[in-house]
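To start, the structure itself, in structure tokens.
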Amino acid sequence: MLTKRIIPCLDVKDGQTVKGINFENLKYAGDPVELAKKYSLEGADELVFLDITATNEKRKTIVELVEKVAKNVFIPFTVGGGINSAEDIRAILNAGADKISLNSAAVKNPELISECVNYFGSQCIVVAIDAKKIDNEYFVHINAGKKNTGIKLKDWVKDVQRRGAGEILLTSMDFDGTQKGFDIDMNRLVSETVHIPVIASGGAGADSRHFRDVFEKTNVDAALAASIFHFGTLPVKTLKKELEDYGISTRKIH
């Protein structure tokens with residue numbers, strides 16, 4: 001049986017970890033380097049860092065953060081936010097990240113996915129997608145969820161796969177931060193449409209059944225969460241033990 005991955009996510013603003021609800025009302029959640037060290041020791045499979053207010057002026061800040069994290073963790077980590085070019089990617093990978101995540105830039109210039117895959121390899125190119133349900137249809141949003149592109153989610157994930165991306169990080173804007181469980185319908189739609197790995201994001205609460213449900217009812221390969229890990233309501237180690245009790249295989253904690 002393929003093992004499922006558990007991935008803490010650190011939304012970073014001005015060098016600090018923050019968390020909100022439905023992409024709004026951000027509050028401080030801890031030092032990202034210290035949180036990364038903690039999750040690495042607790043048995044997280046990977047980490048994701050999203051520079052949620054990234055601009056070119058702040059690029060130096062995130063590179064310095066990546067260097068600090070790389071010195072303190074021994075699990076793969078992905079960095080995203082404000083990445084617009086091969087130069088941005090090179091700087092972040094050289095600083096120690098294992099993968100980079102493209103979101104708005106990929107939607108605005110889909111050829112960027114192909115170019116980056118050709119240059120760096122699909123294994124380190126993740127496409128993050130923020131989607132919201134409108135009139136019974138899922139649409140892709142960009143600019144930290146503020147702009148509806150009018151692109152249907154199913155069409156976009158097919159294009160992302162065709163262009164060679166190695167993985168999709170799929171966030172439900174409707175479920176983000178609610179802690180009511182993952183968006184099963186959306187994750188099922190995407191994970192049954194593409195054959196590349198899909199990471200479910202948005203909605204995880206302190207009930208391990210939320211993770212059980214998304215793993216049993218969809219074909220996602222990993223589940224990502226933030227608040228429940230940052231504030232200690234469901235530690236990674238506890239979650240993995242409870243998933244094993246449900247019969248869901250996760251990577252072993254060393």
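The values are calculated or read from the model by the stated rules, or taken from the named source; none is laboratory data. Everything numeric in this text was worked out from a predicted model, so none of it was measured. Remember, those area values only see protein heavy atoms, side chains included, never the ligands or the DNA or RNA. Shrake-Rupley method; radii C 1.70, N 1.55, O 1.52, S 1.80 Å.
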- Note on the structure: Counting only DSSP beta bridges fully inside the stretch 111-254, the antiparallel percentage to nearest 5 is 40 percent
- Item | Share of carbon and sulfur in the accessible heavy-atom surface of the stretch 99-242 [1.4 Å probe, %] | 44 percent
- Item | For Arg5, residues with placed amide H under 5 Å, excluding near neighbours | Ala222, Ala223
- Item | Contour excess over end-to-end distance, with Cα ends at Glu137 and Asp31 and 0.36 nm allotted per residue | 34.4 nm
- So for the chain: antiparallel DSSP bridges make up what percent, rounded to the nearest 5? 30 percent
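Which whole-number percent gives the relative contact order of the stretch 132-176, counting Cα pairs below 8 Å spaced six or more residues apart?
Numbers: 34 pairs, mean separation 14.4, N = 45.
For the stretch 132-176, the relative contact order is 32 percent.
Per residue, how large is the accessible surface of the chain? Use a 1.4 angstrom probe and give square angstrom.
On a per-residue basis, 44 Å².
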- Query: Can you give the relative contact order of the chain as a percent, counting alpha carbon pairs under 8 Å and 6+ residues apart?
  - Reply: 20 percent
